[in-house]
Structures are given as C-alpha cells and as structure tokens.
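A.B. asks: The structure is given below, and queries will be raised subsequently.
Values quoted throughout were computed directly from the atomic coordinates according to the rules given, and no laboratory measurement underlies them. Being a predicted model, the structure only gives us computed values, none of them experimental. Methodologically, a virtual Cβ is constructed for each residue, glycine included, from the backbone with ideal geometry; neighbour enumeration extends over all protein chains shown.
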C-alpha cells in the first residue's frame, strides 16, 4: 500500500442470526456449574419437575369409565432435568451478566413491583 493511500475504517457491520436445525427453546428453572480446569465457566441449565410415574393404577367403574387413581409406582421427590450445558470464557460470562442485568432493569421499569417469585 502506498503511503498516500488512506486506510478505510469500517464503521458499520451487519450480523445475521440464523437458527440451526437443532435450535429449540428451553425452559430454565435453575443452573448448576462452576469453573473448568482451564478457567472457563461451565453452566448446566435445568428444569424442575415431579417424576413421571412408571405405573399408575385406576379403578374401573361398572360402566367401563376409568375412575380414581388408587396406586402409583415411581420415584419420589423431584427431578432436575438438565437441558444443556454452556461453556464460556470469563469475558463472555461478564457480557452475559451485563445483558441479563440490563434485561432485569428493563423488566423492573416496565413491571414495577412484579417480582413474582424469589430467586
């Protein structure tokens, strides 16, 4: 490049968001994770639910209609179903935290006093 030629400075750039074939929406009730040995942040996103029973027994009325449940076999307690794991460096984690903080502030401005459940 010659000395008298000016370098052009890029002032705008477009980013196009495309969804992959495996894209899906995920409901999140909580997160579990920590730091990896290389210093990245690892998060597993989960949803909480009651266990699906292995078997349920119902009475059958004389008319053939299914009646009340009388027995249930399966796990007790709750399930934390891990939907996905995320790994990111600390710079990305800080950007994610900033984005979430901004969305929380936006929510609180639009819906003052509507914190429906505690974290």
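A.B. asks: Applying 1/(1 + (r/R0)^6) with R0 = 30 Å to the Cβ-Cβ distance of residue 61 and residue 111, what FRET efficiency is obtained, to the nearest 0.05?
C.D. replies: 0.05
A.B. asks: Follow-up. What FRET efficiency do you get for residue 27 and residue 104 if R0 is 30 Å and r is their Cβ-Cβ distance, rounded to the nearest 0.05?
C.D. replies: For R0 = 30 Å, the calculated efficiency reads 0.95.
A.B. asks: Separation of the range 52-109 and the range 6-34 by C-alpha centroid, Å?
C.D. replies: Spelled out, the Cα-based centre of one part sits 25 Å from the other.
A.B. asks: Evaluate Rg over Rh across the range 68-119, taking Cα atoms for both radii and Kirkwood's formula for Rh.
C.D. replies: Rounded to two decimals, Rg over Rh is 1.23.
A.B. asks: Identify which of the listed values of Cα Rg over 2.2 N^0.38 Å was calculated from the structure shown: (i) 1.02; (ii) 1.81; (iii) 1.88.
C.D. replies: The listed entry that was calculated here is (iii).
A.B. asks: In nanometres, what is the gap between the two model label sites at residue 18 and residue 71, each 7 Å from Cα along Cα-to-Cβ?
C.D. replies: The modelled label-to-label distance comes out at 5.6 nm.
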